[in-house]
Amino acid sequence: MNDAAPSTQPETFYLKDYAPFGFVVESVELTFRLAPETTRVLSKIRFAPNPDAPDRHFFLHGEKLKLISSRINGEAVTPVLTDTGLTCDVPDQPFTWEAEVEINPQANTALEGLYMSNGMYCTQCEAEGFRKITYYPDRPDVMSTFSVRIEGEEKVMLSNGNPGDRGAGYSEWHDPWPKPAYLFALVAGDLVNHPDRFSTGSGKDVELNIWVRPGDEDKCAFGMEALKKSMTWDEEVYGREYDLDVFNIVAVDDFNMGAMENKGLNIFNSSCVLASPETSTDANFERIEAIIAHEYFHNWTGNRITCRDWFQLCLKEGLTVYRDAQFTADMRSAPVKRIEDAIDLRARQFPEDNGPLAHPVRPEAFQEINNFYTATVYEKGAEVIGMLKRLVGDEAYYTALDLYFERHDGQACTIEDWIKVFEDSTGRDLAQFKNWYSQAGTPRVSVQDSYEGGTYTLTFRQTTPPTPGQDHKDPKVIPIAVGLLNPNGDEVVPTTVLEMTKAEQSFRFEGLSARPIPSILRDFSAPVILTRETSAEERAFLLAHDTDPFNRWEAGRELAKASRIAMVTEGASPDAQYLDALQSLVRDDALDPAFRALVLSPPSESEIAQALADQGVTPDPDAIHDAAETFAQTLAQNLSDSLPRLFAATKVEGPYKPDARDAGLRALNGRILALLTRIDGAEAAAKQFETADNMTVQNTALACLLKAEKGEAQSQAFYEQWQDDRLVMDKWFALQVATARPERAPGVAEALTRHPLFTIKNPNRFRAVMGALSMNHAGFHQADGSGYRLLADQLIALDPLNPQTTARMCTALQTWKRYDADRQEKILTELKRIKAVDGLSRDTNEMVSRILD
Ligand code: ARG
Ligand code: ZN
């Protein structure tokens with residue numbers, strides 16, 4: 001069983017096969033002798049037989065390790081080595097395992113385990129990277145305290161927990177909290193810190209640091225404020241305090257994901273922590289604040305209480321995403337955050353849930369767990385928590401959370417444990433609710449209404465289409481928040497949560513004097529696709545009057561989609577009623593500017609393609625793009641008289657502040673500039689570029705100019721100004737691809753892959769170009785297949801270096817079944833070309849195989 005699976009038949013792991021490890025780990029001592037190509041790792045681990053385990057098979061994971069020596073209770077042993085680890089005969093009582101291994105951080109381009117980024121050592125161990133550092137039972141249910149000694153010449157050498165002894169050439173750390181190996185971290189390099197302090201609710205003084213490369217010191221202040229706000233918020237809202245003497249954050253340039261919650265030593269992709277007004281946009285600031293919060297919140301939801309196995313990933317990720325969303329809603333605007341999250345869920349999770357990669361929030365099988373850090377596990381996982389909270393109510397939710405922390409602190413848990421806490425504390429039976437965790441696919445909810453004798457009836461039907469490996473779907477518990485308005489816009493029934501549990505179900509509202517206008521699925525109360533046959537008049541009414549901001553926005557979104565679809569399928573003109581509604585909204589100064597900016601943001605072309613496919617129409621990416629252009633052009637022309645005035649009136653005065661108010665106003669101003677650029681020969685955009693004193697307005701101006709194909713000089717100027725700033729250069733790369741006319745996009749992207757500053761080894765840079773191409777819908781889906789071909793070429797080049805990022809980028813091809821036979825065939829050709837690559841990674845092989853299935 002421990003032999004490496006032949007590359008044609010990768011091993012599949014199943015939830016149902018869970019068994020505890022045969023041993024418990026009582027303590028871990030590690031010594032690192034750092035050298036870029038020959039780092040030595042010495043481990044000393046106390047094992048004891050695990051009375052709860054079915055067998056005592058001693059298997060330690062280990063990959064790409066050179067075993068120098070190993071001992072049990074001080075005596076040399078000769079274990080049996082395989083590609084995935086080692087086995088060894090061990091005593092029937094507690095014993096000490098010691099090993100010395102050699103690893104090569106310099107050669108580690110996969111960015112998993114111990115690797116080097118710009119001359120600095122760092123680690124990424126989640127999910128299964130620790131086995132590339134030393135031999136160990138690398139599974140989250142094996143928890144232990146860690147003591148670490150780092151030997152090297154680096155100025156700063158960090159690990160988890162509290163600092164211990166430190167001297168010339170070494171630094172020691174001790175983490176008193178038992179943790180799984182995936183939370184281990186080590187960083188060493190020429191770093192400088194931005195220090196601060198925090199005093200916890202119970203008066204404990206905590207040292208805080210953000211560690212960065214020299215030169216980045218001026219980009220730490222915002223992240224530090226976000227950290228302190230997160231610490232305060234978690235105390236106030238969840239009653240959770242920090243539990244070590246220090247909290248360190250490190251910024252790393254080469255990182256596969258956003259960030260990592262290692263105990264006491266969070267490691268961040270530099271794009272997710274470094275911020276300054278000159279180099280970061282408002283969107284960057286908001287995202288940084290959210291990710292700092294997310295990683296910090298993991299200290300309780302993830303670290304103090306972790307996952308029994310990786311199938312339970314949503315236990316920590318769904319909950320922590322939910323918590324960071326609550327935090328952002330509290331720090332900024334709750335309705336705006338909710339709308340942003342719905343846009344994001346529909347853009348990333350719905351395609352996953354409705355395609356070949358669909359999997360339950362708690363998956364039941366995987367080949368490579370890194371492929372399951374998905375929008376479904378994270379974002380749908382967070383939606384599931386939101387539904388649970390809506391069903392039990394706020395108070396019961398926080399009571400259940402208190403019980404969760406009390407009952408499971410220090411444990412590695414399952415979704416069953418989580419659900420049980422809610423059942424025990426509320427007395428509710430949540431058996432049916434668990435379907436949200438076990439059954440994949442986005443439920444379709446249709447609704448019909450009737451009014452008779454003062455009684456208004458809403459009748460809902462739910463169905464979930466089959467997903468790979470799951471033909472049958474049971475009805476889910478769906479909380480449907482509903483409000484009723486009367487024709488003058490007053491609310492006659494305030495928001496009420498209807499609890500749908502059956503395939504078909506009616507709900508009655510009595511004593512109404514007139515037929516009401518329903519506002520359904522308020523605040524996006526469930527991650528479902530709601531369909532309702534209704535008139536454009538009613539949608540326009542809700543867009544003007546709904547008291548629920550989410551549904552007010554949603555009504556506009558529905559109008560936008562309907563108009564766009566009519567343009568594509570019937571050659572209709574942009575809907576006049578919708579254009580009128582937009583014009584009055586954009587001028588309505590009583591409305592939050594951020595909200596107006598969202599209403600003015602058109603649905604993405606990919607979203608229109610999906611909507612068409614849902615109606616059985618094969619989407620034509622070029623036609624969808626043309627409709628989007630025509631619509632925007634018409635809106636700009638209709639508004640032409642007021643655009644210059646609106647542009648001036650929404651300009652933010654004074655020094656740059658990244659707060660929600662100013663950011664919202666800048667977002668609206670940016671939407672208006674985009675429209676204005678369509679009618680003023682790009683004059684205003686050029687002027688804004690000239691005078692820009694922050695990245696938000698500079699970036700917006702350049703985007704408008706490039707889109708108008710009038711930005712060559714400014715693009716050059718931008719390049720010269722920022723060529724030494726990696727994060728700003730990522731924007732420069734991405735913008736050119738994102739704004740390119742469809743027929744030019746693949747060529748622009750291809751040329752950029754040959755630019756001297758392009759490097760396939762840096763995930764941010766790779767994503768800047770290839771991610772932007774995959775998101776330029778009509779560009780990526782050029783009929784000649786050049787977009788697909790370029791992506792496949794790049795993925796084939798990246799796979800041997802970095803399987804994780806390669807596999808993740810394959811998702812760009814997951815929607816292939818939407819398109820016409822010609823495009824399908826071209827995508828299939830590329831998928832098969834990737835699959836045929838000799839020595840293809842397990843990561844990419846699994847993704848491509850699932851997409852092809
Ligand atoms: N736990 C991290 C977070 O959510 C993500 C780490 C994912 N890493 C990976 N290799 N899949 O913040
Ligand atoms: Zn997380």
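Points worth noting:
- Segment 233-260, residues that are among the small types (Gly, Ala, Ser) and either within 16 Å of ligand 2 (Cβ to nearest atom) or not in a loop (DSSP other than H, G, I, E, B) (or both): Ala251, Gly258, Ala259
- Filtering Ala334, Ala325 for residues that are of a type outside the set (D, E, K, R) and either closer than 29 Å to Trp816 by Cα or within 16 Å of ligand 1 (Cβ to nearest atom) (or both) leaves a single hit, Ala325.
- For segment 290-336, residues that are part of a loop (DSSP other than H, G, I, E, B) and within 13 Å of ligand 2 (Cβ to nearest atom) total 5.
- Where helices (runs of 4 or more DSSP H) sit wholly within segment 639-731, none has at least 2 residues that are acidic (Asp, Glu) and touching a Gly at 6+ places or on another chain (Cβ under 6 Å).
- Annotation: Val652 fulfils all but one of (1) surrounded by fewer than 22 Cβ atoms within 10 Å (Cβ to Cβ); (2) in contact with a helix residue (DSSP H, G or I) (Cβ under 7 Å, 6 or more places away or on another chain); (3) on the phi > 0 side of the Ramachandran plot; the unmet one is (3).
- Some residue of segment 98-108 being out of contact with any helix residue (DSSP H, G or I) (no Cβ under 9 Å at 6 or more places or on another chain), without any contact (Cβ under 8 Å) to a residue 60 or more places away in the chain and either in a strand (DSSP E or B) or over 14 Å from Thr134 (Cα atoms) (or both): yes
- Just so you know, in segment 344-399 the residues that are in contact with a Leu (Cβ under 7 Å, 6 or more places away or on another chain) and among the β-branched types (Val, Ile, Thr) include one that is nearest to ligand 2 (Cβ to nearest atom), and it is Val377.
- Any hit, segment 299-306, residues being under 22 Å from Lys389 (Cβ atoms), of a type in the set (Gly, Ala, Ser) and in contact with a Lys or Arg (Cβ under 9 Å, 6 or more places away or on another chain): yes
- Among residues of segment 490-514 that are among the basic types (Lys, Arg), those with a beta-carbon under 7 Å from a residue that is surrounded by 12 or more Cβ atoms within 10 Å (Cβ to Cβ) at least six positions away or on a different chain give the pairs Lys502/Pro475; Arg508/Thr455; Arg508/Thr457.
- Tallying residues that are hydrophobic (A, V, I, L, M, F, W, C) and crowded, with 23+ Cβ neighbours inside 10 Å within segment 799-808 yields 1.
- No other residue among Ala293, Ala226, Ala259 is within 13 Å of ligand 1 (Cβ to nearest atom), closer than 29 Å to Glu395 by Cα and modelled with pLDDT of 95 or more apart from Ala293.
- Count of residues meeting criterion [charged (D, E, K, R) and either modelled with pLDDT under 95 or in a helix (DSSP H, G or I) (or both)] in segment 756-799: 4
- Per-region count, segment 405-420, residues among the aliphatic types (A, V, I, L, M) and out of contact with any Leu (no Cβ under 9 Å at 6 or more places or on another chain): 1
- Criterion: among the hydrophobic types (A, V, I, L, M, F, W, C) and farther than 19 Å from Leu208 by Cβ - qualifying residue of Ala293, Ala259, Ala325: Ala325
- First in segment 382-393 and closer than 12 Å to Val361 by Cβ, second anywhere and surrounded by 23 or more Cβ atoms within 10 Å (Cβ to Cβ) and at pLDDT below 95, Cβ under 7 Å, 6 or more apart: none
- Within segment 556-584, the set of residues being aliphatic (A, V, I, L, M) and in contact (Cβ under 8 Å) with a residue 12 or more places away in the chain comprises Leu559, Ala560, Ala562, Ile565, Met567, Val568, Leu579, Ala581, Leu582.
- Odd one out for Tyr182, checked against (1) over 21 Å from Pro105 (Cβ atoms); (2) assigned to a helix (DSSP H, G or I); (3) touching a residue at least 24 places away in the same chain (Cβ under 8 Å): (1)
- Considering the conditions (1) within 26 Å of Phe541 (Cβ to Cβ); (2) touching a helix residue (DSSP H, G or I) at 6+ places or on another chain (Cβ under 9 Å); (3) touching a residue at least 12 places away in the same chain (Cβ under 8 Å); (4) among the charged types (D, E, K, R), Asp614 is excluded by exactly one of them, (2).
- First in segment 256-268 and over 18 Å from Glu289 (Cβ atoms), second anywhere and more than 13 Å from ligand 2 (Cβ to nearest atom) and modelled with pLDDT under 95, Cβ under 9 Å, 6 or more apart: none
- Residues in segment 29-66 that are under 25 Å from Gly119 (Cα atoms), touching a residue at least 60 places away in the same chain (Cβ under 8 Å) and not in a loop (DSSP other than H, G, I, E, B): Leu30, Thr31, Phe32, Arg33, Thr39, Arg40, Val41, Ser43.
The values are calculated or read from the model by the stated rules, or taken from the named source; none is laboratory data. Please read these numbers as outputs of a predicted model, since none were measured by experiment. When we count neighbours, we look across all protein chains shown, and the Cβ atoms used for this are built from the backbone with ideal geometry, even at glycine.
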